[in-house]
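The values are calculated or read from the model by the stated rules, or taken from the named source; none is laboratory data. Since we're looking at a predicted model, the values are computed, not measured. Quick reminder, even Gly has a Cβ in these numbers, built from the backbone with ideal geometry, and neighbours come from all protein chains shown.
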C-alpha cells in the first residue's frame, strides 16, 4: 500500500508494544498507519532519538550494575557507549526509519516520500504567508507615501 492511498485510522500502540517497537520488533497490522506517522511527523528525529535511548538503556544498565570496578570507570564506559551508540544511530537514522516502515508493510522510501511531500506543503504555506506579509507591508508603505 502506498502512503497516498486512503489509510485506516491511526492506532497508537500501548506501552509494552511501543517498548517492543523501540527495541526493533515490528508491530501488528492495526498499528501500520501509526508507524508511518511516527516516522514522518515533524518530530520524527526526536522520536528516533527516544527509541535509540531505550535501546541503549539495557547495555548501559548492565555496564553500570555488573562490570566490576570503580563506579566512575563504569560511568565513563557507559557514557562512551552512549556517545558511540547515539553517533551510530544518528548516522544511519534514515535507513533505520525506512526499515521500520518496511516492516510495517510500506514500500522502501515511503517515509522519505511522505516527509518530502510534507516539506513541500510546509514550504508553500510559508511562502504564501511571507508573500502576504510583504504585500501588507507594501500597502502600509504606499498608504504612508500617499499622505
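Could you please let me know if residue 54 is part of a helix (DSSP H, G or I), under 20 Å from residue 118 (Cβ atoms) and touching a residue at least 24 places away in the same chain (Cβ under 8 Å)? Considered against the rule, which asks whether it is part of a helix (DSSP H, G or I), under 20 Å from residue 118 (Cβ atoms) and touching a residue at least 24 places away in the same chain (Cβ under 8 Å), residue 54 comes out as no.
Within the stretch 118-147, the set of residues being out of contact with any helix residue (DSSP H, G or I) (no Cβ under 9 Å at 6 or more places or on another chain) and surrounded by 11 or more Cβ atoms within 10 Å (Cβ to Cβ) comprises 119, 122.
Taking the stretch 77-110 on its own, how many of its residues are outside any helix (DSSP H, G or I), modelled with pLDDT of 95 or more and buried (at least 16 other Cβ atoms within 10 Å of the Cβ)?
Total satisfying the criteria: 0.
The residues in the stretch 29-51 that are farther than 28 Å from residue 79 by Cβ, without any contact (Cβ under 8 Å) to a residue 40 or more places away in the chain, exposed (fewer than 15 other Cβ atoms within 10 Å of the Cβ) and out of contact with any helix residue (DSSP H, G or I) (no Cβ under 9 Å at 6 or more places or on another chain) can be counted, and the count is 1.
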